[in-house]
Amino acid sequence: MSLVRVFVMSFAVTMVSMLNIGTANAKSELVIGITQYPSTFHPNIDSMLAKSYVHGLTRRPVTAMSADWETVCLLCTKLPTLENGDAVLEMTPDGKEGIAVTYKLHAEAVWGDGVPVTSDDVIFTWEVGKHPKSGVSAAEGYRRILKIDRVNDKTFTFHIDRRTFDYNNISTLGILPAHIDRKNFEVPEAYKIKTAFDTDPMNPGLFMGPYRMTVAKPGSHMVFERNEKWWGKAPAFEKITMRVIENTSTLEANILSGGIDMISGELGLNVDQAVAFEKRHGDKFQIIFKPGLIYEHIDLMLDNPILQDVRVRQALLFSIDRDAISERLFGGKQPVAHTSINPLDWIYADDIPKYPFDMTKADALLNAAGWSKKVKGIRVNDKDETLRFDIMTTAGNRTRELVQQVLQSQWKAAGIDVRINNEPARVFFGETVTKRKFDSLAMFAWISSPESVPRTTLHSDSIPSEENNWGGQNYTGYVNPEMDALLEQIELELDRDKRKALWHRLQTIYATDLPALPLYFRANSFIMPKWLTGVRPTGHQFPTTLWVEDWDVAK
Amino acid sequence: MTAFIIRRVIHSLIVIVVMSFVIYGLMGLMPGDPIDLMISADPNVTAEDAERLRAFYGLDQPLWSRYLNWLGAAVQGDFGYSRLYAQPVWAAIIPALQNTLILLISSLTLALVIALPAGIYAATRPYSVADYSINLAAFAGISMPPFWLGILLIMVFAVVLGWLPAGGTADAGGASGMWESIKFLILPVAALTIAGIGGHTRFMRASMIETLRQDYIRTARAKGLSENRVVLHHALRNALIPVVTILALDLGVLFSGALITETVFAYPGMGKLIFDAIMGNDYNLALVGLLLATALTLIGSLLADIAYASLDPRINYTDMDQ
């Protein structure tokens, strides 16, 4: 054998062995690309998707919503219900109808430093949550808890000041480690700055999930390694890295070049980008589209005299072909919405008024509303007023701008002159929408959760005004006493069948009155390597990472 | 000279204080506040919560009062807390500043090393094939949109050839060692350098052509000096003065303006940090970031003035000191 041949063979063997090492490493480590870095790691200060996604690896809520859309225990051992006796109806000290709910934490649940997760941690979390100066953003859930009884180290009872149907769901309560953070809460005003979640975010005692964070470089990346103290099923990957890449083109380039293994569905590509990616590289990756609870819609300004006529609102919806938009722009991956309730939600009602593309009906409704004449193709009424609206959305959001242009041309065909007037998100959400300064149509999305009562968006007491300091999110100014009553009843109705009937009525009213034009439910697109198994998109606000121990490498 | 520098430093401090007020005021005029952004991200935040949080963060106070509070603390060395990064402002800024300085110093050095000789070469052979070629390349560099150039470089060198990482930093890619760190820098530095070469070459060429027309250059040539000596010894120092001025002013712009390059290459630097702070209504972070950019421009301008004195013997600050 010649020397050259020996050299070539040795080189080839070395390269193959290096390749094998590379593959083995790649499979013991997973690199995920995400588009956002959490602004804080504190579970209860500020809410953001990036933080939920990260905490899915490192923490467990007491309860969560599974991929099958059912409330399940993650840190507790049994979901308390009225039927199993762990939830008991009671009266509050001031004579109102309340409820006592008892939870038992998993016996082996410990923090990453080996200290058990106990009822004391839950009580400490409540003390922080309800304190007006702790900096916790959504404090309503904590304020509703009147008292917590510490039954033993692992068992505690909440006494809640009202009987809501979701009494056993405490997923928003992110348990804090009292043994670490209590000293930081001695001066509550300073807690937001002193909390160990931000001053010492790699402290293993902050985590009780399958992984613990070992590196956190703001705006760049985070590294997670197995939590040695995790009591549940061992996760398959030794290390998970999350790289923050905001630019979606760069995100695509990174997955193609092997810089990252997967693009998170929760914080990744828009569906139109993912559909295009699938066409180009679908054979190399595993791509899952999962419609979720992000409800894209157009809020209608009901102070506008033209839009006060329900026939005009219905005609606006009849004259747009949402099925075609979904099919052509999103490859049919984003289902058309009929109300704000997602078809995956158990409360969804199918037998409600629907508005398929029907120009004849749109024409009849507009004629009946007095917009029968046409001048240069645009409708006018008897007073020679033109049927004209402004449509606003977030400038720079490519998907929305694309949809907006299609809608504009479809409405023009119906004789409705719609003009595009977009603003940067900062102005749009900071001023125009929140202070009800849009003239007619505002296109944006609501992030919801399963069986979420749309009180803040539909109740008449939630119309923002100077008097209520622009509180509430009923930006359309929708007022319907029956809707108000339904919203109040649904929250307090414990019987599922009765509640379903109320939800049915709510959806019927919504679909008839149309305070907003439903467009579609946004889908998340998960782009993953073919060898990755066990990732189960949920379609709701609980991220896939909450079940990271089920992720594995295909055998 | 010392008195001149001290006077300029005092002037700069006054400019920074005035700028802090202007920037704070401008940010206050922007619509919405951090709580509005919080509400849009979390439907569970009630109107009561929003009011409580506004009071907690002091957002219910008038703008001037918030500014005075900030200024009072800043004078004592406390520049506040970044709401976006949940850290003291400096803790958020320092890593980004380091990244930006590495990026900028590398790209600026490389751009100058290429642009200055190219500009001089073109100027000494005006309207020749070499001059036209250099001009064409310079215009191509100036005209290429940075985001397009960035994506192009990524597609060619990371996706197609697979030679270089597509973006991020070495530690984000799990790499270690000097060469690994350099590999992550090559594409963003190349993008910034290509964009910078064009402008600097054009400035250098124009300035050198102008200088070569001066009487003292004619005199030097008449004395029989070699062309290289005329250009490099007599003309270059004077020709560099306008280039130094542009460079000094560019320093601040480059510092905060590498936003597109940083975004395309997922490179956590100052440009992106300031942009995110403004869009996320993080007053403290945006303010300190923009003040740093202001300070850098002022320092650049001071360095340029000092450089003038060494480049041109006719410039003397001693008279001004008296």
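Structure values in brief
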| read-out | value |
| --- | --- |
| The stretch A:35-60, subset touching a strand residue (DSSP E or B) at 6+ places or on another chain (Cβ under 6 Å) and at pLDDT 95 or above, residue farthest from residue A:127 (Cα to Cα) | A:57 |
| Filter pass, residue B:290 being modelled with pLDDT of 85 or more, crowded, with 17+ Cβ neighbours inside 10 Å and part of a helix (DSSP H, G or I) | yes |
| Those residues of the stretch A:511-548 which are part of a strand (DSSP E or B) and among the charged types (D, E, K, R), in sequence order | A:522 |
| In the stretch B:264-280, residue surrounded by the fewest Cβ atoms within 10 Å (Cβ to Cβ) [restricted to those that are facing chain A (nearest Cβ under 8 Å) and in contact (Cβ under 8 Å) with a residue 12 or more places away in the chain] | B:280 |
| Residue count for the stretch A:292-312, restricted to those that are buried (at least 21 other Cβ atoms within 10 Å of the Cβ) and modelled with pLDDT under 95 | 3 |
| Residue match in the stretch B:211-221 (condition: surrounded by 22 or more Cβ atoms within 10 Å (Cβ to Cβ) and over 25 Å from the mean Cα position of the chain (by Cα)) | no |
| Subset of the stretch A:232-254 [more than 10 Å from chain B (Cβ to nearest Cβ) and not aromatic (Phe, Trp, Tyr)] | A:232, A:233, A:234, A:235, A:236, A:238, A:240, A:248 |
| Criterion violated by residue B:158 - all others in (1) away from chain A (no Cβ under 14 Å); (2) of a type in the set (A, V, I, L, M); (3) assigned to a helix (DSSP H, G or I) satisfied | (1) |
| Condition check for residue A:186: at pLDDT below 95 and within 11 Å of chain B (Cβ to nearest Cβ) | no |
| Every residue from the stretch A:196-209 that is under 30 Å from residue B:166 (Cα atoms) and more than 12 Å from chain B (Cβ to nearest Cβ) | A:202 |
| Selection from the stretch A:105-142 of residues that are within 14 Å of chain B (Cβ to nearest Cβ) and surrounded by fewer than 19 Cβ atoms within 10 Å (Cβ to Cβ) | A:130, A:131, A:132, A:133, A:140 |
| The stretch A:431-451, subset out of contact with any helix residue (DSSP H, G or I) (no Cβ under 8 Å at 6 or more places or on another chain), within 9 Å of chain B (Cβ to nearest Cβ) and in contact (Cβ under 8 Å) with a residue 60 or more places away in the chain, residue farthest from residue A:485 (Cα to Cα) | A:433 |
| Criterion: assigned to a helix (DSSP H, G or I), small (Gly, Ala, Ser) and either within 14 Å of another protein chain (Cβ to nearest Cβ) or free of Cβ contacts under 8 Å to residues at least 12 places away in the same chain (or both) - qualifying residue of B:20, B:65, B:12 | B:65 |
| Members of the stretch A:404-421 that are within 31 Å of the chain's Cα centre (by Cα) and part of a loop (DSSP other than H, G, I, E, B) | A:421 |
| Test: residue in the stretch B:120-134 that is under 24 Å from the mean Cα position of the chain (by Cα) and either in a helix (DSSP H, G or I) or surrounded by 13 or more Cβ atoms within 10 Å (Cβ to Cβ) (or both) | no |
| Unmet requirement for residue A:240, which otherwise passes all of (1) touching a helix residue (DSSP H, G or I) at 6+ places or on another chain (Cβ under 7 Å); (2) surrounded by 17 or more Cβ atoms within 10 Å (Cβ to Cβ); (3) in the same structural domain as residue A:407 (by TED's automatic domain parsing) | (3) |
| Selection status of residue B:139, among the aromatic types (Phe, Trp, Tyr) and farther than 21 Å from residue B:247 by Cβ | no |
| Residue count for the stretch A:291-316, restricted to those that are touching a helix residue (DSSP H, G or I) at 6+ places or on another chain (Cβ under 7 Å), assigned to a loop (DSSP other than H, G, I, E, B) and of a type in the set (S, T, N, Q) | 0 |
| All positions within the stretch A:464-490 that are among the β-branched types (Val, Ile, Thr) and under 19 Å from residue B:37 (Cβ atoms) | none |
| Any chance residue A:193 is at pLDDT below 95 and either more than 10 Å from chain B (Cβ to nearest Cβ) or under 29 Å from residue A:128 (Cα atoms) (or both) | yes |
| Residue ID - farthest from residue A:204 (Cα to Cα), chosen from residues in the stretch A:22-79 that are of a type in the set (Gly, Ala, Ser) and not in a helix (DSSP H, G or I) | A:67 |
| Odd one out for residue A:79, checked against (1) within 25 Å of the chain's Cα centre (by Cα); (2) surrounded by 22 or more Cβ atoms within 10 Å (Cβ to Cβ) | (2) |
| Residue within the stretch A:497-510 that is buried (at least 19 other Cβ atoms within 10 Å of the Cβ), touching a helix residue (DSSP H, G or I) at 6+ places or on another chain (Cβ under 9 Å) and not in a helix (DSSP H, G or I) present | no |
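The rows are residues; the columns are (1) free of Cβ contacts under 8 Å to residues at least 12 places away in the same chain; (2) of a type in the set (Lys, Arg).
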| position | (1), (2) |
| --- | --- |
| B:140 | no, no |
| B:152 | yes, no |
| B:156 | yes, no |
| B:160 | yes, no |
| B:183 | no, yes |
| B:192 | no, no |
| B:198 | no, no |
| B:201 | no, no |
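The values are calculated or read from the model by the stated rules, or taken from the named source; none is laboratory data. Given the structure is predicted, the values throughout are model-derived calculations rather than measurements. With ideal geometry, Cβ positions are generated from the backbone for all residues, glycine too; neighbour counts draw on all protein chains shown.
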